[in-house]
Amino acid sequence: MAPEHVPSLRGRATITTVIVVVVLIALCLVAWVYRNTPPLSNLLGSGQASLGTPIATANYLCDGGKTITASYFEDVVTLKLTDGSAMTVPHAMSASGARYANKDESFVFWNKGNTAFVEEKGKQTYTGCIEVSARTSEQESWKAYASSKFGFSILYPMDYTADASYQYQAMGPGLEINGVKFTIPTTMATGTNLSSDTYVSVEQLSDATACSASLFLDDAKNPGTVTENSVEYSVATGGGAGAGNLYEEIVYAIPGTMPCTAIRYMIHSTQLANYPAGTRTAFDHAALVAQFDQIRRTLILGR
């Protein structure tokens, strides 16, 4: 029987050297991949570090007070949700609106116009989401309000009070107008002739065929139109006086909306002569209207 071939010491050393070189090359490749692969947080988190500057960013307020922050890029959207989760989701096919979904579609984000919703494992978990206006420096502390019932969002000062059960009833029985009102704080009226039931409201008429401010007033005066920030408004005024009370109304309706949507300023004040001299001062009418204007300009309709 022929003797087995046993590698020489030189041969074994050569094999060992080859193995060491291969291992070193493999380690170098692993290190290179590690250094050049974005962290998982970039791929499934905000993603903006690797994706560059977003085309647009939107904040949505949803039913139940939930929020979504969406940053839109060319082919993906990065999302931050109320529960603290963050992810990057690629664009997917859709028949209407913009649809983004992960590979197995267990997570889907839909955006259409100023509205959005999230679907997780076939169930909608973020519903009635409406985009919220970007805040100016003066509005950093303002609250956001969104109504999926009326289909709008708006910003308003922190100390105002929102009332979702509001009805405007001055038109008479059977002509009530539903909406949401935002009433000034009592402190704004203290020491002045302004009444604390002064408010700004968002109202809707569901059966109006042509939307105009005159539909929201019993005796509309000074009808006209004004355009601000590319939004055209139908504007009219109203009001009255009685028993020392003064009521001033300004209505901004948005033509073409369905249901017909309007913003009402209701300013209730009293005659200074009704108070002992020096106990009341005249309220700052210009400042109040300017603040109501700021509120109105944050209105976004969910469409």
Verdict on Y60 being modelled with pLDDT of 95 or more and either farther than 17 Å from Q124 by Cβ or not β-branched (V, I, T) (or both): yes
Strands (runs of 3 or more DSSP E) lying entirely in the stretch 153-219 (those with 2 or more residues that are of a type in the set (S, T, N, Q)): 177-183, 199-205
Among the candidates V226, V235, residue that is in contact with a Gly (Cβ under 8 Å, 6 or more places away or on another chain), over 17 Å from Y168 (Cα atoms) and aliphatic (A, V, I, L, M): V235
Selection within the stretch 215-227 - modelled with pLDDT of 95 or more and either on the phi > 0 side of the Ramachandran plot or not hydroxyl-bearing (S, T, Y) (or both): L215, F216, L217, A220, K221, N222, P223, G224, V226
Long-range neighbours under 9 Å by Cβ, at least six apart or interchain, first residue assigned by TED's automatic domain parsing to the domain that holds D159 within the stretch 128-148, second crowded, with 19+ Cβ neighbours inside 10 Å and acidic (D, E): A146/E131
Close pairs from the stretch 90-118: first closer than 23 Å to G64 by Cα, partner of a type in the set (D, E) and crowded, with 18+ Cβ neighbours inside 10 Å, Cβ under 6 Å, at least 6 apart: V108/E119; N114/E131
Subset of the stretch 240-273 [among the small types (G, A, S), more than 15 Å from A208 (Cβ to Cβ) and surrounded by fewer than 17 Cβ atoms within 10 Å (Cβ to Cβ)]: G240, A241, G242, A243, G244, A273
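The values are calculated or read from the model by the stated rules, or taken from the named source; none is laboratory data. All of these numbers come straight from a predicted model, not from anything done at the bench. Note that we place each Cβ from the backbone using ideal geometry, even for glycine, and neighbour counts take in every protein chain shown.
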